[in-house]
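The values are calculated or read from the model by the stated rules, or taken from the named source; none is laboratory data. Please read these numbers as outputs of a predicted model, since none were measured by experiment. Glycine gets a Cβ as well: all are built from the backbone with ideal geometry, and neighbour counts include every protein chain shown.
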Amino acid sequence: MRTNLSGICWCWLLMSSAAIGLGQEGDAKATPKLPGNPAVWINSPPITNEMLAGKAAVLFFFDAQDRGVADGWQRMLVTAQKFEGTPLLFIGVNSGSPRGQLEGYVKRNKIPWPVVSDSDRSFENQFGIRVSPQEPRQLQLLMPSGRFKTSDANNIEGAATDALRDAKWKIEVEPKDVPPVLLPAWLAIEFGKYPDAAQTLKKNLNGKGEIKDFAERLNQFVLDDLTAQVDAAKKSLDDGKKWEAFKRYSAIPPKFKGFTVPADVNSTLKELATDDAIKEEQAAMRKIDFAMQAAARSPSARKGAIKQLEKIIKDHPDTEAAAEAQKLIEQAAAM
């Protein structure tokens, strides 16, 4: 019997803190990035490109004011159900509407997908597209290669089939072959949410038979990734790239919470945190976050956010945050 993942896939993704071939894949140098700011996500914590590596996603950009789009949601949701249990995720993206208004729309239309509230159109702008009354729906596919591809918004099933063609789970196993007690842990690990799997793995590593064997397989997958992350952080530090090393080391404890992290990770972090250049980078990045949160509140708040970004460039000219602020300003100007 086929294992039914319809509930568990979406429950995990929503509760934790997830005509064919018409388009051409975009330039990898300019690959759009899914938003990292939790304030712009509805129904889900932030989902990153990295979490979807090797998998696929259908990004449905829509005009919340269009009656045809509103009337078509239930048909789309039924279509999406055909792909449950596959390494494919559906994500809604609305550009231009304030978050509060969009939340009501999502609730009224009973949309369970993760939805991006792109109120300032900065995400939409990365694709060079424009949702409008003339084009109220557009579709982008995140392919397993990590590149995006334009597809036909009027053929969701065909587009999803196209995106799924080469998609794979990280741990090569059929969902039906995963012991039911380990399904939540497996899904968490597949989407990079290791802390959500930690307790289940610890409990079942002491189990018996296939449950113990599969728990060991999942645990080793996490430990191998931990080793790779630590090695990458050490290399950055050895190369004299302190800020890059600090970012890499900082990502390790929360990502691997519940697992045993090497002691030198925290000791190195404490040492790097005393560096003046890193302190400045951190302060500037916090200001970027404040500016982005302000911009997400409403279109009218964007002007104030732009001024904040300009001040970051002036006050912290040699930081990564200054470069990021400049990029955001250019994106806003191009809209």
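All of (1) buried (at least 23 other Cβ atoms within 10 Å of the Cβ); (2) out of contact with any helix residue (DSSP H, G or I) (no Cβ under 6 Å at 6 or more places or on another chain); (3) not in a helix (DSSP H, G or I) hold for Ser132 with one exception: (1).
For (1) surrounded by 18 or more Cβ atoms within 10 Å (Cβ to Cβ); (2) at pLDDT below 95; (3) not polar (S, T, N, Q), each residue gets a yes or a no:
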| site | (1), (2), (3) |
| --- | --- |
| Thr48 | no, yes, no |
| Phe61 | yes, no, yes |
| Gly85 | no, yes, yes |
| Ser97 | yes, yes, no |
| Leu102 | yes, no, yes |
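Cβ separations smaller than 8 Å between residues 6+ apart or across chains give the following pairs from the range 246-258 residues that are outside any loop (DSSP other than H, G, I, E, B) to residues that are of a type in the set (Gly, Ala, Ser): Phe246/Ala273; Arg248/Ala232; Arg248/Ala233; Arg248/Ser236; Tyr249/Ala233; Ile252/Ala233; Lys255/Gly192. Consider Pro180 carefully, then state whether it is closer than 21 Å to Trp73 by Cα and surrounded by fewer than 22 Cβ atoms within 10 Å (Cβ to Cβ). No: the conditions fail for Pro180.
Each row is one residue, and each column tells you yes or no for (1) in contact with a Lys or Arg (Cβ under 9 Å, 6 or more places away or on another chain); (2) at pLDDT below 85.
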{"residue": "Asp289", "(1), (2)": "no, yes"}
{"residue": "Ala296", "(1), (2)": "yes, yes"}
{"residue": "Ser300", "(1), (2)": "no, yes"}
{"residue": "Lys307", "(1), (2)": "no, no"}
{"residue": "Ile313", "(1), (2)": "no, no"}
{"residue": "Gln326", "(1), (2)": "no, no"}
{"residue": "Glu330", "(1), (2)": "no, yes"}
{"residue": "Ala333", "(1), (2)": "no, yes"}
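Residues Leu309, Leu328: which one is surrounded by 16 or more Cβ atoms within 10 Å (Cβ to Cβ), in a helix (DSSP H, G or I) and within 22 Å of the chain's Cα centre (by Cα)?
Leu328
Within the set Ala263, Ala305, the sole residue that is farther than 25 Å from Leu226 by Cα and not assigned by TED's automatic domain parsing to the domain that holds Gln229 turns out to be Ala305.
Take the residues in the range 135-191 that are assigned to a loop (DSSP other than H, G, I, E, B) and closer than 20 Å to Glu216 by Cβ, then tell me which one is farthest from the chain's Cα centre (by Cα).
Pro179
Applying the set (1) small (Gly, Ala, Ser); (2) surrounded by 19 or more Cβ atoms within 10 Å (Cβ to Cβ); (3) at positive phi to Gly240 leaves exactly one unmet item: (2). Here the range 72-124 is the region considered, the condition is being among the basic types (Lys, Arg) and in a helix (DSSP H, G or I), and the residue that is farthest from Met143 (Cα to Cα) is Arg108.
Within the bounds of the range 190-206, is there any residue that is modelled with pLDDT under 95, over 27 Å from Lys82 (Cβ atoms), surrounded by 14 or more Cβ atoms within 10 Å (Cβ to Cβ) and touching a Lys or Arg at 6+ places or on another chain (Cβ under 7 Å)? Yes, some residue in the range 190-206 is modelled with pLDDT under 95, over 27 Å from Lys82 (Cβ atoms), surrounded by 14 or more Cβ atoms within 10 Å (Cβ to Cβ) and touching a Lys or Arg at 6+ places or on another chain (Cβ under 7 Å).
Condition first: under 15 Å from Pro87 (Cα atoms) and surrounded by 21 or more Cβ atoms within 10 Å (Cβ to Cβ). Can you find one or more residues in the range 145-157 that meet it? Checking the range 145-157: not a single residue is under 15 Å from Pro87 (Cα atoms) and surrounded by 21 or more Cβ atoms within 10 Å (Cβ to Cβ).
Kindly evaluate Asp225 against the criterion of being surrounded by fewer than 17 Cβ atoms within 10 Å (Cβ to Cβ) and of a type in the set (Asp, Glu). When the stated conditions are applied, Asp225 does not pass them.
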